[in-house]
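Please read the structure below before turning to the comments.
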Amino acid sequence: KDMQQFLRDTLESQMYLKPQDVADGDKVKKLYERLEAKTQSLESLLINAGLKDTPLAQTVANVQGNVDFMNQLNQTYTYVQIPLKMSGQNASGQLYVYTNKKDLADPERDLTAFLHLDMDNLGSTDVSVRMHRKDVYTKFYMDSDEAYALVKAHMPELEERLRNKGFNAKIYVENEGK
């Protein structure tokens, strides 16, 4: 059990980012580099062990292709698909910002983002955000009644926090049941 915990902690420290780290492009870039290096090492290990044509080797090749695709996409658009460490639990997160990086300098452009999370407490959660200057429109799509009730109950708190930061927020929550 001690060895399992040690391996889990080591893997998490190397392969997970905290939500605040996502804003640092250098940390995201380094995560992609680590993922690429680890999958290449695993591929070499499988080849050397004579396991080149196995389902595991195919899975590793697929992961390498996905990491390469995400890295290339991140060069043009702000896109992140990463595992996240959130409040003592691990979650899978995907963040898509639908504004070309070249257009970010134009203050008249809307910034649109889509965040998908899979968390133990909330389940599958989609968040759509559109921002124009200081106006923020956010829509949460929840897949369970419990998650819907939890987010709905905390909407006023989120709106107040955004107002305190100078934003005009309109937040909606939908129970998708998907």
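The values are calculated or read from the model by the stated rules, or taken from the named source; none is laboratory data. Being a predicted model, the structure only gives us computed values, none of them experimental. Here Cβ is always computed from backbone atoms with ideal geometry, including for glycine, and neighbour counts include all displayed protein chains. Accessible surface areas use protein heavy atoms only, side chains included; no ligands, DNA or RNA. Shrake-Rupley method; radii C 1.70, N 1.55, O 1.52, S 1.80 Å.
Results, tabulated for the structure shown:
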| item | result |
| --- | --- |
| Residue among Asp118, Asp135, Asp126 that is over 22 Å from the mean Cα position of the chain (by Cα) and either open to solvent by less than 80 Å² (accessible area, probe 1.4 Å) or aliphatic (A, V, I, L, M) (or both) | Asp135 |
| Subset of the stretch 35-55 (residues that are in a helix (DSSP H, G or I), over 23 Å from Thr10 (Cα atoms) and at pLDDT 90 or above) | Ile47, Asn48 |
| Number of the condition not met by Gln58 [criteria: (1) open to solvent by less than 60 Å² (accessible area, probe 1.4 Å); (2) more than 18 Å from Leu11 (Cα to Cα); (3) among the polar types (S, T, N, Q); (4) at pLDDT below 90] | (1) |
| Residues being of a type in the set (Asp, Glu), open to solvent by 80 Å² or more (accessible area, probe 1.4 Å) and touching a strand residue (DSSP E or B) at 6+ places or on another chain (Cβ under 7 Å) - total across the stretch 1-48 | 0 |
| Residues of the stretch 138-168 classified as in contact with a Phe, Trp or Tyr (Cβ under 8 Å, 6 or more places away or on another chain) and part of a strand (DSSP E or B), total | 4 |
| Pair list, Cβ under 7 Å, 6 or more apart: the stretch 118-129 residue closer than 15 Å to Glu146 by Cβ, other residue among the β-branched types (Val, Ile, Thr) | Met119/Thr125 |
| Residue match in the stretch 74-84 (condition: β-branched (Val, Ile, Thr), over 27 Å from Asp120 (Cα atoms) and at pLDDT 85 or above) | no |
| Qualifying residue in the stretch 87-97 (condition: closer than 21 Å to Phe167 by Cβ, at pLDDT below 80, out of contact with any helix residue (DSSP H, G or I) (no Cβ under 6 Å at 6 or more places or on another chain) and open to solvent by 40 Å² or more (accessible area, probe 1.4 Å)) | yes |
